[in-house]
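The values are calculated or read from the model by the stated rules, or taken from the named source; none is laboratory data. All figures in this text were calculated on a predicted structure; none of them were measured in a lab. Cβ placement follows ideal geometry from the backbone for every residue including glycine, while neighbour counts extend to all protein chains displayed.
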């Protein structure tokens, strides 16, 4: 179902608990990383030479990124072997001088493309669904204006729609706030090498989701540009220069997507293996397995049979203990841990993730609300959650058009009768084949 669309799914999906949860023994090859795929698409578009992405993610989020690059004049061709990106001969990084781009609810696409069109020569407008119009972007727009790009919020509220009028990026020294999203910084870093003069970026406040910036820097280097930084607070980018780009770039399996299956092992007491995702992953969310290890699970790595030459990660469930954990660096897995927490012997406290209130939904409020529906006691903190052990009962759960809500809440059904997930099709945003892969755990689902 990798090509499934939202409309291919029923309005609701019932999940039936496993008869023998402890016998769960599954190998789940999750799709490519969304974060890496969308960064690689942008970097390939900025590169002088064609680049083919191998094992990329095909989803709504990456689809709107690909289509937007096509509208900006790039050739983007997808087939069974991957995605080939190339720009027209003798053109700049933004071949066209006008475009009206629709990015649905893809935050990475909105932020990366807003920065990209700052390198263009013309007028560009970017918009999305109603929720996207509530997601802040002013910190990035302000930084672009400092670099000579006229970028503004059309409604004047610091949120999309965004209009960018540019005659190229000047360069210079800029300060940027990154306490709402690290994507503002990543977007700026990736386009900065193509400015007219050197760019120095200072982070003004606390940098959230730091591993994603480290991922950005590593990928920029793989495409031929090295950024100078000592402390991830100040960045120096020589410009102008061009990305040379590799001919091929292999996209890692998505660590955030894998977290649901590692959590399934924790909840059931079974064992789950994810091929091709090892401890040296570019993705910070691989650290989620270390949280499960602290809670009592066994975690180890082995050579991969699915992807020869690569490494698999295996998690085996054990009796779970509560944990107190700062999840700022791995905030996309907060709701995954929230679904595991009621099955632990002690309370679990998640801290320093206030920024996820600005995601596809207010994720702290949403997960607290839905866990209470099944009988969990949840304390909602300003920047986190405290979740107490509980015997859960069935309920119909809302997903808020948020893919991570749907996938996290599905985990409750592994050991709880009567769980029904509303709007299961929202998973197409990043993981169209999720329900197919979820069934590999021997779970039975039924349309409702």
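Some values worked out for this structure:
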{"read-out": "One residue from 204, 244, 228 being without any contact (Cβ under 8 Å) to a residue 12 or more places away in the chain, over 20 Å from residue 285 (Cα atoms) and touching a strand residue (DSSP E or B) at 6+ places or on another chain (Cβ under 7 Å)", "value": "228"}
{"read-out": "Members of region 358-372 that are out of contact with any helix residue (DSSP H, G or I) (no Cβ under 8 Å at 6 or more places or on another chain) and over 14 Å from residue 383 (Cβ atoms)", "value": "369, 372"}
{"read-out": "Qualifying strands (runs of 3 or more DSSP E) (wholly inside region 347-435; at least 3 residues being without any contact (Cβ under 8 Å) to a residue 12 or more places away in the chain and crowded, with 24+ Cβ neighbours inside 10 Å)", "value": "none"}
{"read-out": "Strands (runs of 3 or more DSSP E) enclosed by region 1-72 - at least 2 residues per element that are under 19 Å from residue 437 (Cβ atoms)", "value": "12-16, 25-27"}
{"read-out": "The one condition in (1) surrounded by fewer than 16 Cβ atoms within 10 Å (Cβ to Cβ); (2) in contact with a strand residue (DSSP E or B) (Cβ under 7 Å, 6 or more places away or on another chain) that residue 88 fails to fulfil", "value": "(2)"}
{"read-out": "Checklist (1) over 19 Å from residue 26 (Cα atoms); (2) in the same structural domain as residue 405 (by TED's automatic domain parsing); (3) in contact with a helix residue (DSSP H, G or I) (Cβ under 9 Å, 6 or more places away or on another chain) applied to residue 278, failing item", "value": "(1)"}
{"read-out": "Residue in region 320-340 that is farther than 26 Å from residue 386 by Cβ and not in a loop (DSSP other than H, G, I, E, B) present", "value": "no"}
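To keep it simple, each residue is scored yes or no on (1) crowded, with 21+ Cβ neighbours inside 10 Å; (2) in contact with a helix residue (DSSP H, G or I) (Cβ under 8 Å, 6 or more places away or on another chain); (3) more than 17 Å from residue 146 (Cβ to Cβ).
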{"position": "188", "(1), (2), (3)": "yes, yes, no"}
{"position": "200", "(1), (2), (3)": "no, no, no"}
{"position": "205", "(1), (2), (3)": "no, no, no"}
{"position": "208", "(1), (2), (3)": "yes, yes, yes"}
{"position": "214", "(1), (2), (3)": "no, yes, yes"}
{"position": "220", "(1), (2), (3)": "yes, yes, yes"}
{"position": "225", "(1), (2), (3)": "yes, yes, yes"}
{"position": "228", "(1), (2), (3)": "no, no, yes"}
